[in-house]
1. When you check G152 against the structure, is it free of Cβ contacts under 8 Å to residues at least 40 places away in the same chain and under 23 Å from the mean Cα position of the chain (by Cα), yes or no?
2. Take V142 and decide whether it is within 23 Å of the chain's Cα centre (by Cα), farther than 25 Å from H51 by Cα, part of a helix (DSSP H, G or I) and at pLDDT below 95.
3. Cβ-Cβ below 6 Å, separation at least six or inter-chain, first residue in the range 206-224 and over 13 Å from G152 (Cα atoms) and hydroxyl-bearing (S, T, Y), second part of a loop (DSSP other than H, G, I, E, B) and modelled with pLDDT of 85 or more: which pairs?
4. For the range 46-82, how many residues meet the condition of being more than 23 Å from the chain's Cα centre (by Cα) and closer than 26 Å to A118 by Cα?
5. Of everything in the range 47-94, what is among the charged types (D, E, K, R) and in a helix (DSSP H, G or I)? Give them in sequence order.
6. I'd like to know if the range 161-183 contains one or more residues that are modelled with pLDDT under 90, part of a helix (DSSP H, G or I) and surrounded by 11 or more Cβ atoms within 10 Å (Cβ to Cβ).
7. For the range 189-234, what are the residues that are crowded, with 20+ Cβ neighbours inside 10 Å and at pLDDT below 85?
8. Run down V34, V75, V54 and say which single residue is modelled with pLDDT under 85, surrounded by 17 or more Cβ atoms within 10 Å (Cβ to Cβ) and either of a type outside the set (F, W, Y) or under 17 Å from G143 (Cα atoms) (or both).
Amino acid sequence: MNHSASLSAPPRRTRRIVLVSLAILGVASVAFAVRRPLMMSAPRCMAGRWHGCVDTFNGVLLMMLVALPLAALVVWALARLRRAAGVTSAWRMSLAEVGMVYGTVPFVWMTMMSGPGAGIVPGRVSLVPLRDLVTMGPVGIVGNLLIFAALGFFAPMRFAALASVPRILALGAGCSVLVETAQYVLRLDRVSSVDDVLVNAAGAVLAALASRHWWRTTAEVPSDQPRPALAPAD
């Protein structure tokens, strides 16, 4: 009997339960804190109206919370398929893939929402570092930190090639540059600022550091591969 495997299983299962419980508690706390503004968009979202739902911050956040059970179901289904195929770390890979999409797409969508002068006002660019940072305010800074936080948190868990701080920094900065460029090209009546890029990249790095314990630093070895025979003892 492999005593080490049997002893390590309960702590690993307990750790997973604790992480899931903390995630649920965090989502519930956020939902409770912003319940009033979210309920303002609830009637339009439930009625399937575009205007006032998915074109507002409150509406996107509400739909994000509503889609949370579906995201959890997709994680469970992917993990079950991978475990049936003998893939190692099936739960980690599935959670990372769904987490990257679920935690990034809504925030990118919000950054691409157009202002009242979209299509009329020419694109604006701010290339002086830290000039716009003082005007963002706490809400703006936190929002910019969260845009690519899920990507920074889950990407190194899924891809060993991204399991380093400099690469996550480059990934966050590169994705932010693409978003700022799209805002300028599409003339969304938004300011394409270098400070947005800096804060977005910092958020990705901070989130990556928070998940460093679960980074995928080595290539996964299929469980059905034969193991090398042990050399006979002298």
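The values are calculated or read from the model by the stated rules, or taken from the named source; none is laboratory data. For clarity, every value in this text was computed on a predicted model and none was experimentally measured. Counting neighbours? That spans all protein chains shown, and the Cβs are built from the backbone with ideal geometry, glycine included.
1. no
2. Considered against the rule, which asks whether it is within 23 Å of the chain's Cα centre (by Cα), farther than 25 Å from H51 by Cα, part of a helix (DSSP H, G or I) and at pLDDT below 95, V142 comes out as yes.
3. Listed by first residue and then by second, the contacts come to T217/A163; S223/G86; S223/T88.
4. 5
5. Scanning the range 47-94 gives R80, R82, R83, R92.
6. No, the range 161-183 contains no residue that is modelled with pLDDT under 90, part of a helix (DSSP H, G or I) and surrounded by 11 or more Cβ atoms within 10 Å (Cβ to Cβ).
7. none
8. Exactly one of V34, V75, V54 is modelled with pLDDT under 85, surrounded by 17 or more Cβ atoms within 10 Å (Cβ to Cβ) and either of a type outside the set (F, W, Y) or under 17 Å from G143 (Cα atoms) (or both), namely V54.
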